[in-house]
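Q: My questions will all concern the structure given below.
What follows draws every value from the coordinates through simple rules; no lab data is involved. The shown structure was predicted, so the numbers you read here are calculated from the model rather than taken from an experiment. Please note: Cβ atoms are built from the backbone with ideal geometry, for glycine as well, and neighbour counts cover all protein chains shown.
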Amino acid sequence: MDTAVTLRGRDFLSVADLDRSELLAVLDLAREIKAGRWQQRPLAGKFVAMLFQKPSNRTRVSFEVGIARLGGTAIALGEQDVQIGVRETVADAARVLERYVHLVVARLRHHADLSELARFARIPVVNALTEIEHPCQILADLLTIRERFGSLENRKVAYVGDGNNIAVSLSHAAASVGFQLRVITPAGYEPAAAGGLVLVSHDLDAVEGADVVYTDVWTSMGQEAERDERTAALAPYQVNAQLMARAPQAIFMHCLPARRGEEVTDEVIDGPASVVFDQAENRLYAQMALLALILE
Ligand code: CP
Ligand code: NVA
């Protein structure tokens, strides 16, 4: 590997697991991969198990393609396969998987299960989303912001809506790489955010001056029973043309999948400020860089 930074053998459960220089090293390598300047295959002869307890399009496909491009083999396991914590304990499943594969990517319902998996598996574990964090998404988002603005430092990011896993992971990134994050959310929906450069506001005026307006669904996977209550509470926080007009220079970001007409209007997500498909594409390069640095 050409980079001075290595993540060899490391877990990635939270954005906070990587320090600033490590996050930037992942982004630098991702940029090289995307530009076609780095074409190594550090996963040749290596196997990755991907455990999914929740549905996925971007995460599943981008990891599987990325692993193949790095020379490795991905084994995607759905809800009915491992049944981690159901057919056997999380610890036993971890002790078995480590005998077969070199790394586990896991999208689990409970972050506590992911932590336990990482504690018992003597191989690296990567978080593919839990109810607490979605760190791989945020790597792709940082890459996208840097592509647009040249740097991350001192950028103003306004996250509007539910203080969910995306908001928490963004808050760790803000603290680490030094951009300003304002989370604009109704009372009761604030994230358990990292300190530092995070300001929480209930007032939509806080989008003014933003370089980035980011939103996500109001009802995350697993919260379906609360859908009506959440929709009512979050409705005033829709990202529409009127709101975007208050930050006229801002790009619009969303991790997808979007509920068009709820947290964002078609006009915004399909409009000229939207970079949502760049974010989705960048999942591939950011995760290839991450896995290359962990499994080099
Ligand atoms: N953004 C994201 O993680 O999408 P999927 O749920 O489709 O993987
Ligand atoms: N907050 C959403 C993100 C989906 C990628 C969820 O957890 O369902």
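Q: Arranged from highest to lowest average of other beta-carbon atoms within 10 Å per residue, in what order do the peptides 250-256, 261-267, 62-68 appear?
A: 250-256, 62-68, 261-267
Q: Can you tell me the length gained on complete extension of the stretch ARG37 to ASP205, counting 0.36 nm per residue apart and subtracting the Cα distance?
A: Gain on stretching ARG37 to ASP205: 56.2 nm.
Q: For PHE12, enumerate residues with amide H under 5 Å from its amide H, sequence gap 5+ or separate chain, H modeled in the peptide plane.
A: Those lying under 5 Å, H to H, from PHE12 are VAL125, VAL126, ASN127.
Q: Here is a follow-up. Under a 10 Å cutoff between Cα atoms, tell me which one of SER171, SER21, SER274 has the largest fluctuation in the Gaussian network model of the chain.
A: SER21
Q: What shape does the range 217-296 take by its C-alpha gyration tensor, where a ≥ b ≥ c are the square roots of the eigenvalues and a/c under 1.5 counts as rounded, a/b above b/c as prolate, and the rest as oblate?
A: oblate
Q: Shifting gears a bit: Lys and Arg at +1, Asp and Glu at -1: add these up for the other residues within a Cβ distance under 12 Å of ARG95 and post the number.
A: Every neighbour counted, the sum reads -1.
Q: Are there any helices in the chain, counted as whole DSSP H runs, that stretch 20 Å or more along their axis by Cα and score at least -0.5 on average by Kyte-Doolittle, and if so which?
A: Helices passing the filter in the chain: 20-34, 135-149, 276-295.
Q: Going by the alpha-carbon gyration tensor, a ≥ b ≥ c the square roots of its eigenvalues, is the range 151-296 rounded (a/c under 1.5) or, if a/c is not under 1.5, prolate (a/b greater than b/c) versus oblate?
A: rounded
Q: Then there's this: Rounded if a/c is under 1.5, else prolate if a/b beats b/c, else oblate: with a ≥ b ≥ c from the C-alpha gyration tensor eigenvalues square-rooted, which is the range 1-70?
A: oblate
Q: Let me ask another. Extending each Cα 7 Å along its Cβ direction at ARG69 and ASP92, get the distance between those two points in nm, one decimal.
A: Here the modelled spin labels are 3.9 nm apart.
Q: Separate question: Grab the beta carbon distance between MET221 and ALA187, set R0 = 30 Å, and tell me the FRET efficiency rounded to 0.05.
A: 0.80
Q: Net charge within 11 Å of GLY71 by Cβ-Cβ distance, Lys/Arg positive one each and Asp/Glu negative one each, not counting GLY71 itself?
A: +3
Q: Let me ask something additional. Hey, can you grab everything whose amide H is under 5 Å from the amide H of VAL200? Only 5+ residues off in sequence or another chain; H modelled, so Pro and N-termini drop out.
A: Here the answer is VAL183, since their amide H atoms fall under 5 Å of that of VAL200.
Q: Most mobile of LEU204, LEU103, LEU139 per a Gaussian network model of the chain (Cα springs, under 10 Å)?
A: Checking each option, the largest mean-square fluctuation is seen for LEU204.
Q: Right, next: Taking the chain, how much of its Cα-Cα pair set, in percent, is spaced more than 35 angstrom apart?
A: The calculated P(r) of the chain puts 16 percent of pairs beyond 35 Å.
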